[in-house]
Amino acid sequence: MSTKKVSVLYLDDEVENLNSFNANFRRIFDISLANSIDEAYSIIESKEIHVVVSDHKMPHITGIEFFETLCKTHPTIVRVLLTGCSDLNVVVDSVNRGQIFKYLYKPMDVALVRQVIELAYEKFLEDKKNQMEVVQLIETNEKLEFMLRQKLID
């Protein structure tokens with residue numbers, strides 16, 4: 001894994017869960033904590049976030065609804081749902097609507113959560129690399145089309 005610290009935002013409406021997450025991962029990752037959707041968006045707008053881990057059941061909005069919006073506004077952020085909810089519909093919705101990378105259960109298994117965050121960061125880096133390659137391909141294609149047109153005109 002890269003020497004750069006992975007920037008992780010953890011969103012949960014329960015302060016005890018936020019404190020626990022921070023205590024377990026603050027030395028490993030660059031942790032930002034939010035206990036509301038507004039606070040989460042404020043953090044996302046103020047710094048680069050690689051991975052968002054969110055609880056599902058929160059007041060006013062679910063983790064899935066948050067991820068559904070996040071997919072549209074910040075598609076490069078990798079999304080992980082960490083929840084005590086074991087309803088199959090939640091799992092299906094989180095994949096289909098929230099386009100999550102992983103679905104994890106509470107109480108959290110610290111080693112598993114760490115592993116998933118590391119894998120999510122690898123996915124973030126791979127997606128970023130792929131996006132850069134697509135841009136390069138488009139530029140190369142445009143240059144080739146221009147050269148072809150020049151040759152046809154002569």
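Set the Förster distance to 35 Å, then compute FRET efficiency between Lys5 and Thr140 from the Cβ-Cβ distance, nearest 0.05.
About 0.55, to the nearest 0.05.
Assuming 0.36 nm per residue, please report the length gained on full extension of the stretch Asn130 to Asn22 beyond their Cα-Cα distance.
Difference between extended and current length: 35.8 nm.
Quick check on my link table: of Lys5/Lys143; Lys5/Lys128; Lys47/Lys143, which ones sit more than 28 Å apart, alpha carbon to alpha carbon?
Lys5/Lys143; Lys47/Lys143
Which residues' amide hydrogens lie under 5 Å from the amide hydrogen of Ser32, considering only partners 5 or more residues apart or on another chain, with H built in the peptide plane?
Val8, Leu9, Tyr10
Consider the candidate values [x] 0.97; [y] 1.13; [z] 1.18; state which one is Rg/Rh (Cα atoms, Kirkwood Rh) computed from the structure displayed.
Here the calculated entry is [y].
Name the residue, out of Asp12, Asp38, Asp30, whose mean-square fluctuation peaks in a Gaussian network model built on the chain with Cα pairs under 10 Å.
Judging by the Gaussian network model, the answer is Asp38.
Kindly state, to the nearest 0.05, the FRET efficiency for Glu118 paired with Ser46, given R0 = 25 Å and r defined as their beta-carbon distance.
Efficiency, from the Cβ-Cβ distance: 0.55.
Using the Karplus curve 6.51 cos²θ - 1.76 cosθ + 1.60 with θ = phi - 60°, work out ³J(HN,Hα) for each residue of region 28-34 in order, rounded to whole Hz, and write x for Gly and Pro.
9, 10, 7, 9, 10, 10, 9
Bear in mind that the values in this text are calculations on the coordinates, not laboratory data. Because the structure is predicted, anything quoted here is derived from the model rather than measured. No Cβ is skipped: glycine too gets one built from the backbone with ideal geometry, and neighbour counts run over all protein chains shown.
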